[in-house]
Amino acid sequence: AWAILTGPEGGFARGELDDLAELPFATLVGLGPRILRADTAVLAALACWQAIIGDGRERPPLRAPG
């Protein structure tokens, strides 16, 4: 199973991050130094996820130009 957690617009509290880091199955990642609105952060995280994992479909064959 997978989960993406996004914090509130003020970010996760230090204690929340510490608690998550102690979980043996959790890998903490970030979206860089920028501060995003909560709704924008979700879309950015999902776009990154799909770019790395893929969308579960096979890619169509490449077509020759022309």
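Flag not set for Thr40, criterion: among the polar types (S, T, N, Q), touching a helix residue (DSSP H, G or I) at 6+ places or on another chain (Cβ under 9 Å) and surrounded by 10 or more Cβ atoms within 10 Å (Cβ to Cβ).
Please indicate, with yes or no, whether at least one residue in the stretch 51-58 is over 18 Å from the mean Cα position of the chain (by Cα), on the phi < 0 side of the Ramachandran plot and modelled with pLDDT under 90. Yes - at least one qualifying residue is present in the stretch 51-58. Being small (Gly, Ala, Ser), surrounded by fewer than 10 Cβ atoms within 10 Å (Cβ to Cβ) and over 15 Å from the mean Cα position of the chain (by Cα): is that true of Gly30 here? So Gly30 does not fit the description; no. Filtered by the rule that a residue be aromatic (Phe, Trp, Tyr) and either in contact (Cβ under 8 Å) with a residue 12 or more places away in the chain or under 20 Å from Thr40 (Cβ atoms) (or both), the stretch 3-29 gives a lone residue, Phe12.
The values are calculated or read from the model by the stated rules, or taken from the named source; none is laboratory data. On a predicted model such as this, the values are computed, not experimentally measured, just so you know. Note: ideal-geometry Cβ built from the backbone for every residue, glycine included; neighbour counts use all protein chains shown.
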